[in-house]
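As structure tokens, the structure follows; a few thoughts come after it.
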Amino acid sequence: MPYAISMRHPRPDVAQIVRVMGLALAFAFALVTFAQAQPARPESFADLAERVSPAVVNITTTTTVAARLDGGPQLPEGSPFEDFFRDFFDGPQGERPNRPRRNQALGSGFVISEDGFIVTNNHVIEGADEIRIEFYSGLELQAELIGTDPATDIALLKVTHDNPLPHVPWGDSEAARVGDWVIAVGNPLGQGFSVSAGIISARGRALQGNFDDYIQTDAAINRGNSGGPLFNMAGEVIGVNTAILSPTGGSIGIGFAMSSQVATNVVDQLLTYGSTRRGWLGVRIQDVTEEMAEAIGLERAEGAMVTDVMEGPSRDAGMQAGDVILRFDGGPVRDTRMLVRRVADAGVGVDVDVIVFRGGEEVTLSVVLGQRELAEAAGSLAPAPSAATPPAPSSFLGMELQQLTDALREEMNLTPGMNGLVVRQVEEDSDAARKGIEIGDLITEANQQPVATVADLEARAEEAREAGRRSLLILLRRGGDPRFVALGL
């Protein structure tokens with residue numbers, strides 16, 4: 001009997017077909033959605049550049065510099081070139097001219113209002129006797145200086161014109177993301193109006209100031225771009241071009257623009273007061289390390305530890321050295337830099353809640369902020385005179401320590417009632433040496449309790465061991481500047 005081979009297809013599974021088709025449709029929809037969500041590289045920046053350029057200005061400053069009274073180069077008496085240089089540099093009858101020189105410098109800026117307010121960098125106009133503004137249209141106007149803020153390198157100028165001036169809006173730098181397209185417009189190297197494009201390379205950069213919040217970009221920024229705007233793709237200013245990192249002086253793709261979040265706050269204050277008015281808490285602070293957090297029983301190494309409470313708002317509110325500020329005015333505090341900026345931006349005379357960690361518990365304090373500029377003028381932020389180095393008879397935790405006496409207090413310019421231990425020596429291989437403790441440091445607290453003798457310090461260490469802690473938190477004062485250090489037990 002011959003074999004029969006059936007060529008009939010098996011009956012299809014309808015449910016399986018439906019599932020496969022559903023998956024295919026879902027995948028296709030996801031691809032389309034992903035493609036739509038990805039911002040494509042602009043084919044051209046021309047429309048954006050054309051729209052914003054009229055509000056970007058070139059700034060030329062003129063500064064008068066007094067001539068040197070001693071004239072030209074100094075030569076030994078009797079030199080064979082003495083007569084030649086005297087004839088070249090001296091005026092009639094052997095008198096040297098004392099004519100002042102006029103130096104010029106170039107920068108950039110941008111108009112923020114139709115009535116002629118202009119933002120630029122402080123270093124662009126600092127010390128200038130005359131400030132001339134040139135617009136994209138060729139219009140030239142003289143500018144008046146309204147106010148400056150060296151701390152953020154922001155300056156505000158004002159020009160007057162019969163007609164409304166082209167201007168650009170501020171944008172939200174906090175909404176900007178790493179990878180977003182940006183363009184920089186300005187007057188690089190005195191070449192006139194120029195546009196460069198790039199992306200945001202990083203955010204939240206700090207260079208050297210307490211209030212730094214720089215946007216880093218690879219858009220070409222060179223000398224002369226200072227004070228110019230950094231635009232997002234909506235034509236909004238999200239940064240003020242300020243600095244570059246370069247070994248050659250030219251752009252290598254690392255430029256910095258002060259964020260609009262900082263700049264707008266400064267400009268608002270300059271508009272209102274002609275100067276800045278930053279909030280002041282009246283404390284010295286330091287970041288919390290893992291060891292310091294473990295030593296005081298804090299779950300995470302975050303917040304700002306108070307090392308000293310000055311006469312002012314925080315002392316009036318009951319804040320103490322050793323408190324760790326965890327929240328300020330309803331928001332978390334990650335580190336000292338965040339706290340400094342938030343206090344400065346909060347304003348003067350504002351009543352804020354400050355939550356601190358103290359003795360294993362959170363304590364809420366109500367602080368009425370002072371004004372930082374007034375505190376600086378009064379010398380409240382200046383450190384005390386540096387300490388001398390006395391002898392020391394006792395040793396503990398790799399340090400030779402001496403109890404304060406009246407003679408030492410007078411020698412070290414300390415207040416009569418201050419107590420503590422002066423560091424006389426530090427063993428090279430000790431944890432104290434690794435933590436940076438130096439001769440002349442003054443230990444005033446251990447585990448947030450005052451210490452006046454070595455026995456006090458030993459007792460605090462024993463208490464920490466009994467509590468299962470591996471570190472002892474001590475408060476040091478060096479040259480009047482306090483800081484906390486966690487020493488291993």
- request: Could you grab me the full set of residues in the range 303-326 that are charged (D, E, K, R) and within 18 Å of VAL485 (Cβ to Cβ)?
  value: ASP308, ASP323
query: Can you name the residue in the range 157-178 that is among the acidic types (Asp, Glu) and not in a helix (DSSP H, G or I) and is also farthest from ILE59 (Cα to Cα) among such residues?
result: ASP172
- line: Going through the range 141-176 in order, the residues found to be polar (S, T, N, Q) and touching a residue at least 60 places away in the same chain (Cβ under 8 Å) are THR148, THR152, SER173
message: Between SER246, SER201, which is without any contact (Cβ under 8 Å) to a residue 60 or more places away in the chain and part of a strand (DSSP E or B)?
response: SER201
query: Within the range 415-449, restricting attention to residues that are outside any strand (DSSP E or B), in contact (Cβ under 8 Å) with a residue 24 or more places away in the chain and touching a helix residue (DSSP H, G or I) at 6+ places or on another chain (Cβ under 8 Å), which residue is surrounded by the fewest Cβ atoms within 10 Å (Cβ to Cβ)?
result: GLU427
task: Report, by residue number, each residue of the range 179-196 that is crowded, with 19+ Cβ neighbours inside 10 Å and either basic (Lys, Arg) or in a strand (DSSP E or B) (or both).
output: VAL182, ILE183, ALA184, VAL185, GLY186, SER194, VAL195, SER196
message: Looking at the range 129-156 only, could you name the residues that are acidic (Asp, Glu), surrounded by 21 or more Cβ atoms within 10 Å (Cβ to Cβ) and either at pLDDT 95 or above or assigned to a loop (DSSP other than H, G, I, E, B) (or both)?
response: ASP153
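The values are calculated or read from the model by the stated rules, or taken from the named source; none is laboratory data. None of the values given here were measured: they were computed from a predicted structure. Backbone-built Cβ (ideal geometry, glycine too); neighbour counts: all protein chains shown.
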